[in-house]
1. List, please: which pairs have Cβ atoms under 6 Å, are six or more places apart or on different chains, and start with a residue in the stretch 1-16 that is under 25 Å from PHE51 (Cα atoms) and loosely packed, with under 14 Cβ neighbours inside 10 Å and end with one that is at pLDDT 90 or above and among the charged types (D, E, K, R)?
2. Identify, by number, the condition in (1) of a type in the set (S, T, N, Q); (2) closer than 24 Å to ARG158 by Cβ; (3) under 16 Å from the mean Cα position of the chain (by Cα); (4) surrounded by fewer than 17 Cβ atoms within 10 Å (Cβ to Cβ) that GLN40 doesn't meet.
3. Would you pick out the residues in the stretch 37-74 that are closer than 14 Å to ILE123 by Cα and either polar (S, T, N, Q) or in contact (Cβ under 8 Å) with a residue 40 or more places away in the chain (or both)?
4. Could you tell me whether GLN36 is in a helix (DSSP H, G or I) and over 23 Å from LEU114 (Cα atoms)?
5. Any chance you could count how many residues in the stretch 143-164 are surrounded by 16 or more Cβ atoms within 10 Å (Cβ to Cβ) and modelled with pLDDT of 90 or more?
6. Is there a residue being charged (D, E, K, R), at pLDDT below 95 and assigned to a loop (DSSP other than H, G, I, E, B) anywhere in the stretch 6-23?
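The values are calculated or read from the model by the stated rules, or taken from the named source; none is laboratory data. Quick caveat: nothing in here was measured; it's all calculated off a predicted structure. Note: ideal-geometry Cβ built from the backbone for every residue, glycine included; neighbour counts use all protein chains shown.
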Amino acid sequence: MEEDVINNSESLTDLEISLWKTLERIRDEYNLLETQLKTQKWITRRIQELFGDIGFVNDYDVASSFHGCGWLYDLVWFVNNEDGYLTKVPLVLESEMSDRKYNALKYDFEKLLLANAELKIMICFGQGNFNYPANVNELINSFESSVKAFTHLSLPSRILILIWEDYMTGDIYPHLIINS
């Protein structure tokens with residue numbers, strides 16, 4: 001029997017589904033680019049632009065290098081009060097599109113665990129060439145183990161992992177870790 005990708009997408013909120021679908025849009029745009037324009041930097045900037053737009057639509061301020069104000073993470077949605085003090089961080093996002101080994105992804109992912117945000121998002125490529133679906137499941141299991149090992153995770157926490165399996169299927173697999 002063929003192995004399937006671990007799937008718990010039925011627990012996603014409307015916002016999380018919208019973010020997943022936005023990454024699928026980015027993938028589709030990327031696939032239409034001329035070869036010389038296809039870079040990880042293009043993907044990261046597009047993620048910052050479109051995920052930032054979703055933040056603005058939801059009345060959040062947005063920080064990223066695309067928006068001229070990188071701040072701790074690749075992208076942050078935040079709210080300041082009328083005096084300019086930080087009151088809320090609804091979302092932090094890390095994307096690592098350049099390295100396909102978990103040890104390289106580990107540090108960006110663990111940085112998310114430190115955030116006191118309502119939603120933490122990790123975006124990455126599936127690891128390993130032509131190893132589907134094990135490549136996606138190995139990442140999911142590693143991220144799950146990392147969350148279980150971290151004893152100071154802010155509660156409740158929702159961590160949305162979006163894995164772009166670009167070798168075989170081209171699909172983007174969502175995985176939600178809920179820690180309550």
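1. Here the result reads none, with nothing in the stretch 1-16 linked to a residue that is at pLDDT 90 or above and among the charged types (D, E, K, R).
2. (2)
3. Across the stretch 37-74, the qualifying residues are GLN40, ILE43, THR44, ILE47, GLN48, PHE51, TYR73.
4. Considered against the rule, which asks whether it is in a helix (DSSP H, G or I) and over 23 Å from LEU114 (Cα atoms), GLN36 comes out as yes.
5. Adding up the residues that qualify gives 10.
6. From the stretch 6-23, those charged (D, E, K, R) are 10, 14, 16, 21; that's our starting set.
When the remaining residues are screened for being at pLDDT below 95, the result is 10.
Narrowing further to those that are assigned to a loop (DSSP other than H, G, I, E, B): none.
There is no residue in the stretch 6-23 that is charged (D, E, K, R), at pLDDT below 95 and assigned to a loop (DSSP other than H, G, I, E, B).
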